[in-house]
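This report concerns only the one structure given below.
The values are calculated or read from the model by the stated rules, or taken from the named source; none is laboratory data. Because the structure is a prediction, the values reported are computed rather than measured. Positions of Cβ are backbone-derived with ideal geometry, glycine not excepted, and every protein chain shown enters the neighbour counts.
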Amino acid sequence: MTATIDSPRSGRNSSGKNSSGRNSSGKIAPQYRRTGGSRGNFEMLAWLFMRLSGVVLVVLIFGHLFVNLMVGEGIHAIDFGFVAGKWADPFWQVWDLAMLWLAMLHGTNGVRTIINDYAEKDSTRLWLKIVLYAATTVIIVLGTLVIFTFNPCPVVDGVPLPGGFCPAA
Ligand code: HEM
């Protein structure tokens, strides 16, 4: 026997009955009406963002996989120097930055939707979102810093760290 768990947006409850919030005359009950909220059209923009960022992510992710895994020696060429070489080029810096930001904002908004759908207690929803937004902020800030401050040939206290492709000091 298989059990299915319907999300709150599916319009069904666990007994299979309709729970779309409509009463017997077909009118939407006040608590489910979408107009007059204080959040403006944020949810509509978030819905649109998921579709648009999804389309751009397809290009960014498959471009990334193609260049890294298939061009030239493909996967065998990937090492520290390969990544260093890519981030020496502003084109790949911007590409990776866009991929990082879009994937993080898209993924975070998707998980926000899931939390809204499934967390039943206000406090649970609040804490899950605090953890989600904190993790997103840390990853976006650190990732952005890494892309733009990455130095493949660092010199620490006048001593260059080893790196086969770095010019001799
Ligand atoms: C290949 C590019 C991608 C495309 C075309 C894409 C497309 C979409 C679309 C259209 C939705 C909305 C679905 C809905 O509202 O019912 C969605 C939801 C979601 N996406 Fe993506 N996405 C992509 C990549 C990613 C990546 C990289 C992540 C993670 C970082 C991610 C995480 C999510 C999550 C968590 C949801 C919410 C799922 C839900 O509501 O049940 N997606 N995606």
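Surrounded by fewer than 13 Cβ atoms within 10 Å (Cβ to Cβ), within 17 Å of the chain's Cα centre (by Cα) and closer than 19 Å to M50 by Cα - does that describe any residue in the stretch 89-108? The answer is no, given that none of the residues of the stretch 89-108 is surrounded by fewer than 13 Cβ atoms within 10 Å (Cβ to Cβ), within 17 Å of the chain's Cα centre (by Cα) and closer than 19 Å to M50 by Cα.
Checked against the criterion of being of a type in the set (K, R) and more than 16 Å from the chain's Cα centre (by Cα), the candidates K129, K121 yield just one match: K121. Sort through T144, T124, T137, T149 and tell me the only one that's surrounded by 13 or more Cβ atoms within 10 Å (Cβ to Cβ) and of a type in the set (V, I, T). Of the residues listed, the single one that is surrounded by 13 or more Cβ atoms within 10 Å (Cβ to Cβ) and of a type in the set (V, I, T) is T144. Looking only at residues of the stretch 35-58 that are part of a loop (DSSP other than H, G, I, E, B) and under 16 Å from T113 (Cα atoms), we find that the one that is modelled with the highest pLDDT is N41. Restricted to helices (runs of 4 or more DSSP H) entirely inside the stretch 59-164, those with at least 2 residues that are within 15 Å of the ligand (Cβ to nearest atom) and out of contact with any strand residue (DSSP E or B) (no Cβ under 8 Å at 6 or more places or on another chain) are 90-118, 122-149.
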